[in-house]
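Let me begin by presenting the structure, written as structure tokens, before commenting on it.
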Amino acid sequence: MNARKLPPKENLSSMKMLGRQLGTARRAAGLTQSALGEMVRLDEETIASIEQGRRSLKSDLAHLLDEILQTKGLLATGVANLPETDQFPLWAEEYMEQERVAIALSLYANQVLPGLLQTRSYAGAVLRERVPAYDREELETKVAARMDRQQILHRKSPPTVSFVVWEPVLHLAVGGPDIRREQLEHLRGCTRLPNLSLQFLPLTSPSHAGLDGPLIILETPDHQHLAYIEGQRGSQWVSNADEVSFMSRKYAMLRAQALSPQESQRLLDRLLGEQ
């Protein structure tokens, strides 16, 4: 998963501070998040995301909220004074924070291997395909950050992690045949890690619950279940219980349609034997 370099901590807190101000003003007006959402034609989850600093507050909405909550331009001024790096949702940064402490992760990938399973060479090859290209220093920083994320798989009490990967990903010669073989060997080694399950959805499968694209479901230390979806032009957190349940059921179906962990290991062995 591609992620921007973390901005300074003071920038990360700006959206959260503005969100707290909105929450304080809403409660002072005696409104629930749902009631305020109805007044501005947004759902409760969107209001909650803004108050938690997970979604940016746009200028036109800030002006409307100032009028409804009688905050005398407080919110609009706050938006106008946000640092440039805080004008956009920090989805990727928040995902990495949640991933670092998660007690369980379920990941489906159908384009490239998940970052948690990539070798350094494979990660570099994937990131070099970015358009427009990263400069060398930025590329090295992003590869190092991706490798650092993998430490969660080797900690004393690792999370329970399940991967389902569409088989064509294994046949992509990303970076060339040597990098592909190294990556396949690394995957074979990953299958021996505790609390990790790796399954492949074969090309011959007559059913495919993952046609909508990749997804990630995680469980936080306080047992909250969240979903994360990332695309070419953006990413999205999903915390609504009904939506997370929908994605969890989809992931369960993918696991049922995929090869078993043992069959997946044999597929890796077969591909390595063909090298």
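Overview of results
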quantity: Qualifying positions in region 18-47 - under 23 Å from Trp237 (Cα atoms), without any contact (Cβ under 8 Å) to a residue 40 or more places away in the chain, in a helix (DSSP H, G or I) and hydrophobic (A, V, I, L, M, F, W, C); calculated: Ala35, Leu36, Ile47
quantity: Output for region 32-66, where each listed residue is more than 23 Å from the chain's Cα centre (by Cα), of a type in the set (D, E, K, R) and farther than 20 Å from Ala80 by Cβ; calculated: Glu38, Arg41
quantity: Enumerated helices (runs of 4 or more DSSP H) restricted to region 108-210, each holding at least 2 residues that are in contact with a Phe, Trp or Tyr (Cβ under 8 Å, 6 or more places away or on another chain); calculated: 120-128, 177-190
quantity: Failed criterion for Gly78 (all others in (1) of a type outside the set (A, V, I, L, M, F, W, C); (2) surrounded by fewer than 20 Cβ atoms within 10 Å (Cβ to Cβ); (3) in contact (Cβ under 8 Å) with a residue 24 or more places away in the chain hold); calculated: (2)
quantity: Restricting region 49-75 to residues that are among the polar types (S, T, N, Q) and in contact with a helix residue (DSSP H, G or I) (Cβ under 7 Å, 6 or more places away or on another chain), the residue that is surrounded by the most Cβ atoms within 10 Å (Cβ to Cβ); calculated: Thr71
quantity: Qualifying position, being over 28 Å from Met253 (Cα atoms) and either free of Cβ contacts under 8 Å to residues at least 40 places away in the same chain or surrounded by 13 or more Cβ atoms within 10 Å (Cβ to Cβ) (or both), among Arg149, Arg188, Arg180, Arg130; calculated: Arg180
quantity: Members of region 229-251 found to be surrounded by 15 or more Cβ atoms within 10 Å (Cβ to Cβ), without any contact (Cβ under 8 Å) to a residue 24 or more places away in the chain and either among the aromatic types (Phe, Trp, Tyr) or farther than 14 Å from Gly213 by Cα (or both), listed by number; calculated: Val238
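A short reminder: the numbers here are calculations on the coordinates, not readings from a lab. Quick caveat, the model's predicted, so the values are computed rather than measured. Because the Cβ atoms are built from the backbone with ideal geometry, glycine has one as well, and the counts that use them run over all protein chains shown.
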